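Dropping the structure in here first, questions after.
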Protein chains: 2
Amino acid sequence: SVNPDLASERQAASFSVEKLTALLDGGAEQTRIRRAVVEAVESDPEFSRENQYFQTQNERYESAVRKAVHLQKKMHEMGWTENGPEYKYIYRALSGDVAFLLHRVFMRSISVLGSDKQIAKWIPLATQHKLIGSYAQTELGHGTYLQGLETTAVFDTATQEFILNTPKISAMKWWPGDMGRSATHTVVFAQLYVHGKCYGIHPFIVQIRSLQDHSLCPGITAGDIGPKMNFEHIDNGYLLLKNVRIPRENMLSKFCEVRPDGTYVRQGSQKINYFTMTTVRISLISDEVLTPLMKACTIAIRYSVVRRQSKLKPGEQEAKILDYQTQQEKLLPQLAAAYAFHFINDYLQELFNRGYREIQKKNFDMLPELHALSSGFKAMITQHCTAGVEICLRACGGHGYSLLSGLPSLYTKILASCIYEGENTILLLQAARFLIKCFMAASAGQPVPPSVTYLAAVKHGKCPAKNKLDFLSPDIYTEAYQHVAVRLTGSTAAKLQDLIQSGVKKHDAWNQCTVQLVQAAKAHCHYIAVKNFAETVEKLETTAGIQKIMKHLCDLFALHGIFSNTGAFLHDGYTSAAQMDMVTASYLDLLAVIRKDAVPLVDAFDFTDKSLNSALGSYDGQVYQRLYEWAQKSPTNQMSPAYERYLKPLLHNTLSKL
Amino acid sequence: SVNPDLASERQAASFSVEKLTALLDGGAEQTRIRRAVVEAVESDPEFSRENQYFQTQNERYESAVRKAVHLQKKMHEMGWTENGPEYKYIYRALSGDVAFLLHRVFMRSISVLGSDKQIAKWIPLATQHKLIGSYAQTELGHGTYLQGLETTAVFDTATQEFILNTPKISAMKWWPGDMGRSATHTVVFAQLYVHGKCYGIHPFIVQIRSLQDHSLCPGITAGDIGPKMNFEHIDNGYLLLKNVRIPRENMLSKFCEVRPDGTYVRQGSQKINYFTMTTVRISLISDEVLTPLMKACTIAIRYSVVRRQSKLKPGEQEAKILDYQTQQEKLLPQLAAAYAFHFINDYLQELFNRGYREIQKKNFDMLPELHALSSGFKAMITQHCTAGVEICLRACGGHGYSLLSGLPSLYTKILASCIYEGENTILLLQAARFLIKCFMAASAGQPVPPSVTYLAAVKHGKCPAKNKLDFLSPDIYTEAYQHVAVRLTGSTAAKLQDLIQSGVKKHDAWNQCTVQLVQAAKAHCHYIAVKNFAETVEKLETTAGIQKIMKHLCDLFALHGIFSNTGAFLHDGYTSAAQMDMVTASYLDLLAVIRKDAVPLVDAFDFTDKSLNSALGSYDGQVYQRLYEWAQKSPTNQMSPAYERYLKPLLHNTLSKL
């Protein structure tokens, strides 16, 4: 039975939840397929996550391996294939709680970097799981800066082998997933040396564990790097190589090859490979970043209409905490952001598909823009969503802090997305470099890519809003965001030039501008996100109340960004103080409007109870019963040796009854 | 041997680290005592935290109980007493990793709320650990709003007993520390009923476990609430009461008593008790909030001069990451905040000592101000320090995400401080209520407490700064902070009045202003923190370079606050856009200045390697060796059953050599 405090929220929905779900899925047929996959996965006890919050790292690892193995069977059984429409829903349905994800990266790197012969040899073996692959790039002392990697691969013409070594401790491979305990093979990135000359970083296939008994191969030291903030189910590993010999054929050689005599040959264009790396950043957004924020919003908002605390009106019963303005101001902007990022994700996917088609036609013109957008948005979205999940956690008070709420593990996992696949600050600076370049080009009247043409159109006007309702006009706020992005890019470009003209060296000047460059890159992405949300709303069908509620969320997303960053809009007087007060008024008004649809808006994300795995967020809102039931299953409610060992001797001299 | 990249940082110190440590401790003698306690604790293997990051919740609990029991012996052995000078350093030296903290709250509540007779009976038993106490206030459905508690205690005149009950699931006691597995007794807060009339919440001593065999007493259901984000060592518990009878004498009766015939008598003033609750908020700041931020700064800053990544200047070796402006901008403001909050903590302690002396003279005039300051600063400092620890964690990239860095557990623990002892938003609103009241009084020419007299002095001037160096003048920036605090309080008070005058009901009007009220309360606290830092620096001795470096940190703390919140200062034109550019310039300049002393500034916190328990933050900076050594000890490097069970059957059909 549904908690009446939750049920009443659903009756008040201003729009069709089912229609909105279909919109998010990309059509009712997609919804049907997704639900079928979720149903198949969740009804299979092998995939259960029931006791996840009670498990040790070892138990989590073992269960992830078991699930990965079972998944092969399941896919066969269900007729799901890697190219089928179901495939993209499987990982989401498993909540990522499965091993051998790096096995897929191993395969992809061979497909992209390997010769036809290498592909023909290794891909069938990997597909049939006759080996387990990993991907060993990051080292203890080296992350983002690939040129700094220290592992060496020296070609020995006499034996036609490469000899791999870890010359010092900072060169140990560190972090590769699936490598700590599972993998038999890995792709090692190492500095290639031939006849004493260094040719830079290249990829090599290396066997690390025996296929007979899983023991480490000669010269290999490998293991697990130990506990992390999350990812207990993954055996992130370390790898130390000592004179490990591999045949010449094991260097992945689509783009570069070492001939038997030691001649180094470079062939073909690596640009497509470079493109692959940028698409990875986009592809992780949906499952690893958006889904956790959507789950956190679902949990926190459902809980906030069930939890009652203090009295809002004297004489009445205690109020639902979502009726407090401060609670609305915490949660509803996160909800709006979840929708905004869903739509920007669609935009990016489409752009990258277009880019891929162009690149296949050997047209690489879009690459710099795609690289900048993938970098900037990966950083912006992971940052916002991580902060959003944390806000949801804190907004649930003590119960949010219990692992049983599901929120701590969402937070500790999403946090990693700010670091992996490119640390966010570095990515924002890459986006900023593109922006500055385009700004200079645009200022000089040269053509620039579509997403940055606005940089050329520098306007020195003022925001035309006359009352608070004007700030519900997408033109008004989109224009304001655009103005800020241009101003921050322009002023930082000017500072950079001033410094260089005053004699500061180029790299020093760049470093002295980086704090502001990061601000400019964020402003650029925020502008595009707002503009895209507004344009998306414009195109929605007006039936079933969908467009109306999406318009409210778009307004909230935009006004929240202004309200939280007023200085950027006030700085040069584009927005006046009086207008800022109008923004605040409209923003606070919107909270009360959206609050009415808050529960239907999270229901539309369509998470099952099993996928939320939260005592606070279930569809029926029976929070307290579930907390109590789940707590009773905790291993901390088993007998502890602490009593016999410590408490009994302490309470030695007790009274029979006090 | 110290990593040369770290050693060189120490040689460049502009001040005496030892003198600064003594300043932080409150004198060289205090430093000596603290170090002696730390040495005694850390040299005792019973208190070791060596394998903490590898332990399960059960193991952590058992170890905390063991340590608590051992601590009794240790104190006796060392001659440490609860009133001795060593006492306050013990908890810090243990990094809080010890059980029975609620036993102390149990004792304090009896001392404060109990009659002389009750104190005489229970305190000696508790002191000699003939029982283990807890404190059961929070319920599953009820936190901050005490009036909403649902547990009942009905007086039965016939038997002279109270009958305690948990009438429904939301009334279960939930969260009390030490209650899940250890406690034999607890103080239960319940609604008192006599002859059918409810007299509100009162405290009752209830035995929950047998002193003979630790089994649950009749009518008691109790256990552990399961895993949390941190606090694995504490058995936070639940408690369900079913017709539990306790004698009339077990109601704590210093202020209220039920006579044998059922007459309810209220006696004495509870104001001192109310004062006790506010001092708890202040007392937690040092150990639970400041220490974690200082540790996080120490770890992240030491790591940032050892870690090298990418090239800052072409042709040179990879740069220390602390040489990047963006890294400085992440870490150095946290360092400045740690010092700012250390000094505000001193200020608050002194104020509360003064308040205590006044209250003992039956003068309760300071209470409202003390309540507002304790609420506001508890919220402000926990919020800033939690965010600061998170920034430190993220600034260490992948290695910060490893539990072995120590940063994840600092973060997951400090986060709880935003929730316990009063949820932050609620506390800020309590501070705001005081501010609004004082603002109205001051506007009407009535006297107000010292910390808010500035509200009366509304000035409509402009910031007088003419160049970026002017923003290194404490008068300039303190005045700016004051202006913002007055403006936000004044404009919110005006909005509140407008709403009420336009016919909105008082409680609705209040709710519609809460987002802005929170802003006003934060601005007030920020102003006082800046002012206090500036005044503290003013009074420091100028020798040994201490005052100079503290002045830099004070400037950084102030300018970072403006830089991060420009809108508040720009809004009404008090600060112009040109002045804001000066702030930015001075702020960024300061980063480069303080960066030079960053390592000595964290060394001055004087944490031992054992107390940091971090592979990244040790004094010698041997980061990579330590990560590798520690990882090898992880239980995840023991044999896993996953190979035999899942991997071997999967790799069934393998080739002997690929």
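Applying the selection to segment A:618-645, what residues are facing another protein chain (nearest Cβ under 7 Å), surrounded by fewer than 21 Cβ atoms within 10 Å (Cβ to Cβ) and more than 35 Å from the chain's Cα centre (by Cα)?
Within segment A:618-645, A:637, A:641, A:643 meet the criteria.
Follow-up. Out of curiosity, is residue B:72 modelled with pLDDT under 95, more than 25 Å from residue A:397 (Cα to Cα), of a type in the set (S, T, N, Q) and out of contact with any Lys or Arg (no Cβ under 6 Å at 6 or more places or on another chain)?
The answer is yes for residue B:72.
I've got another one for you. Here is a list of conditions, (1) of a type in the set (Asp, Glu); (2) at pLDDT below 95; (3) farther than 18 Å from residue B:454 by Cβ, and residue B:555 meets all of them except one; can you say which number that is?
(2)
Scan segment A:614-622 and give yes if some residue there is in a helix (DSSP H, G or I) and on the phi < 0 side of the Ramachandran plot, otherwise no.
So far as segment A:614-622 goes, no, none of its residues is in a helix (DSSP H, G or I) and on the phi < 0 side of the Ramachandran plot.
On to the next question. Give B:319, B:296 a once-over and let me know the one that is among the aliphatic types (A, V, I, L, M) and either in contact with a Gly (Cβ under 9 Å, 6 or more places away or on another chain) or open to solvent by 20 Å² or more (accessible area, probe 1.4 Å) (or both).
B:296
Residue by residue, here is whether (1) in contact with an Asp or Glu (Cβ under 7 Å, 6 or more places away or on another chain); (2) open to solvent by less than 40 Å² (accessible area, probe 1.4 Å); (3) more than 14 Å from chain B (Cβ to nearest Cβ) holds:
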position: A:423; (1), (2), (3): no, yes, no
position: A:440; (1), (2), (3): no, no, yes
position: A:476; (1), (2), (3): yes, yes, yes
position: A:484; (1), (2), (3): no, yes, no
position: A:487; (1), (2), (3): yes, no, no
position: A:493; (1), (2), (3): no, yes, yes
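Okay, moving on. Across segment B:506-531, which residue is nearest to residue A:326 (Cα to Cα) among those that are open to solvent by 20 Å² or more (accessible area, probe 1.4 Å) and away from every other protein chain (no Cβ under 12 Å)?
Once the filter is applied, the top-ranked residue is B:522.
Go through segment A:181-284 and tell me which strands (runs of 3 or more DSSP E), entirely inside it, have 1 or more residues that are within 14 Å of chain B (Cβ to nearest Cβ) and open to solvent by 20 Å² or more (accessible area, probe 1.4 Å).
So the answer is A:197-207, A:220-224, A:237-241, A:244-247.
Output the residues belonging to segment B:350-364 that are touching a residue at least 60 places away in the same chain (Cβ under 8 Å) and either part of a loop (DSSP other than H, G, I, E, B) or under 15 Å from the mean Cα position of the chain (by Cα) (or both).
B:364
Which of the helices (runs of 4 or more DSSP H) contained wholly in segment B:405-520 include at least 2 residues that are closer than 30 Å to residue A:413 by Cα? Spell out the reasoning first.
Numbers: elements: B:407-414, B:424-443, B:474-501, B:506-512.
Helices (runs of 4 or more DSSP H) meeting the threshold: B:407-414, B:424-443.
Follow-up question, since we're still on this one. Of A:252, A:216, which residue is modelled with pLDDT of 95 or more and either touching a helix residue (DSSP H, G or I) at 6+ places or on another chain (Cβ under 9 Å) or within 15 Å of residue A:151 (Cβ to Cβ) (or both)?
A:252
Within the bounds of segment B:305-326, is there any residue that is basic (Lys, Arg), farther than 30 Å from residue B:113 by Cα and out of contact with any helix residue (DSSP H, G or I) (no Cβ under 6 Å at 6 or more places or on another chain)?
Checking segment B:305-326: at least one residue is basic (Lys, Arg), farther than 30 Å from residue B:113 by Cα and out of contact with any helix residue (DSSP H, G or I) (no Cβ under 6 Å at 6 or more places or on another chain).
Matching residues to (1) in contact with a His (Cβ under 9 Å, 6 or more places away or on another chain); (2) within 14 Å of residue A:244 (Cα to Cα); (3) at pLDDT below 95; (4) polar (S, T, N, Q):
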{"position": "A:106", "(1), (2), (3), (4)": "yes, no, no, no"}
{"position": "A:157", "(1), (2), (3), (4)": "yes, no, no, yes"}
{"position": "A:170", "(1), (2), (3), (4)": "yes, no, no, yes"}
{"position": "A:179", "(1), (2), (3), (4)": "no, no, no, no"}
{"position": "A:199", "(1), (2), (3), (4)": "no, no, no, no"}
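Just to be sure, is residue B:205 of a type in the set (Val, Ile, Thr) and more than 15 Å from residue B:171 (Cα to Cα)?
For residue B:205, the condition - of a type in the set (Val, Ile, Thr) and more than 15 Å from residue B:171 (Cα to Cα) - is met.
Does segment A:581-595 contain any residue that is under 25 Å from the mean Cα position of the chain (by Cα) and open to solvent by 20 Å² or more (accessible area, probe 1.4 Å)?
no
Rundown of residues vs (1) open to solvent by less than 30 Å² (accessible area, probe 1.4 Å); (2) more than 11 Å from chain A (Cβ to nearest Cβ), yes/no style:
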{"position": "B:374", "(1), (2)": "yes, yes"}
{"position": "B:378", "(1), (2)": "yes, yes"}
{"position": "B:383", "(1), (2)": "no, no"}
{"position": "B:393", "(1), (2)": "yes, no"}
{"position": "B:402", "(1), (2)": "yes, no"}
{"position": "B:406", "(1), (2)": "yes, yes"}
{"position": "B:420", "(1), (2)": "no, no"}
{"position": "B:432", "(1), (2)": "yes, no"}
{"position": "B:435", "(1), (2)": "yes, yes"}
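Kindly check whether there is at least one residue in segment B:332-349 that is within 13 Å of chain A (Cβ to nearest Cβ) and either open to solvent by less than 10 Å² (accessible area, probe 1.4 Å) or without any contact (Cβ under 8 Å) to a residue 24 or more places away in the chain (or both).
Of segment B:332-349, the ones within 13 Å of chain A (Cβ to nearest Cβ) are B:332-333.
If we keep only those that are either open to solvent by less than 10 Å² (accessible area, probe 1.4 Å) or without any contact (Cβ under 8 Å) to a residue 24 or more places away in the chain (or both) as well, we get B:332-333.
Within segment B:332-349, one or more residues are within 13 Å of chain A (Cβ to nearest Cβ) and either open to solvent by less than 10 Å² (accessible area, probe 1.4 Å) or without any contact (Cβ under 8 Å) to a residue 24 or more places away in the chain (or both).
Taking only pairs six or more apart or across chains, which ones have beta-carbon atoms under 6 Å, a first residue in segment B:299-310 that is closer than 15 Å to residue B:328 by Cβ and open to solvent by 10 Å² or more (accessible area, probe 1.4 Å), and a second residue that is part of a helix (DSSP H, G or I) and among the hydrophobic types (A, V, I, L, M, F, W, C)?
B:307/B:321; B:309/B:321
Could you go through segment A:565-574 and let me know if any residue there is within 14 Å of chain B (Cβ to nearest Cβ), buried (at least 23 other Cβ atoms within 10 Å of the Cβ) and in contact (Cβ under 8 Å) with a residue 12 or more places away in the chain. Full working, then the answer.
Taking segment A:565-574 as the starting set, the residues that turn out to be within 14 Å of chain B (Cβ to nearest Cβ) are A:565-574.
From what's left, buried (at least 23 other Cβ atoms within 10 Å of the Cβ): A:568-570.
Imposing the further condition that a residue be in contact (Cβ under 8 Å) with a residue 12 or more places away in the chain reduces the set to A:568-569.
Yes - at least one qualifying residue is present in segment A:565-574.
Separate question: Could you tell me whether any residue of segment A:590-611 is in contact with a helix residue (DSSP H, G or I) (Cβ under 9 Å, 6 or more places away or on another chain), aliphatic (A, V, I, L, M), within 12 Å of chain B (Cβ to nearest Cβ) and part of a loop (DSSP other than H, G, I, E, B)?
Checking segment A:590-611: not a single residue is in contact with a helix residue (DSSP H, G or I) (Cβ under 9 Å, 6 or more places away or on another chain), aliphatic (A, V, I, L, M), within 12 Å of chain B (Cβ to nearest Cβ) and part of a loop (DSSP other than H, G, I, E, B).
Okay, residues lined up against (1) out of contact with any strand residue (DSSP E or B) (no Cβ under 7 Å at 6 or more places or on another chain); (2) hydroxyl-bearing (Ser, Thr, Tyr); (3) closer than 27 Å to residue B:199 by Cα:
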| residue | (1), (2), (3) |
| --- | --- |
| B:83 | yes, no, no |
| B:109 | no, yes, yes |
| B:120 | yes, no, yes |
| B:133 | no, no, yes |
| B:141 | yes, no, yes |
| B:146 | no, no, yes |
| B:150 | no, no, yes |
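Ok, one more. Can you find a residue in segment B:10-29 that is in contact with a Phe, Trp or Tyr (Cβ under 8 Å, 6 or more places away or on another chain), open to solvent by less than 30 Å² (accessible area, probe 1.4 Å), more than 14 Å from chain A (Cβ to nearest Cβ) and at pLDDT 95 or above?
yes
If you don't mind, another one. Just to be sure before I move on: is residue A:480 within 14 Å of chain B (Cβ to nearest Cβ) and over 30 Å from residue B:399 (Cα atoms) in the structure I sent? Break it down into steps so the answer makes sense when it comes.
Details: within 14 Å of chain B (Cβ to nearest Cβ): yes; over 30 Å from residue B:399 (Cα atoms): yes.
Yes, satisfied.
Next up: Considering every residue within segment A:113-127, establish whether at least one is in contact with a Ser or Thr (Cβ under 8 Å, 6 or more places away or on another chain) and among the β-branched types (Val, Ile, Thr).
Yes, some residue in segment A:113-127 is in contact with a Ser or Thr (Cβ under 8 Å, 6 or more places away or on another chain) and among the β-branched types (Val, Ile, Thr).
The values are calculated or read from the model by the stated rules, or taken from the named source; none is laboratory data. These figures come from a predicted structure and were not determined experimentally. Positions of Cβ are backbone-derived with ideal geometry, glycine not excepted, and every protein chain shown enters the neighbour counts. SASA here: full protein model, heavy atoms, side chains in, ligands and nucleic acids out. Shrake-Rupley method; radii C 1.70, N 1.55, O 1.52, S 1.80 Å.
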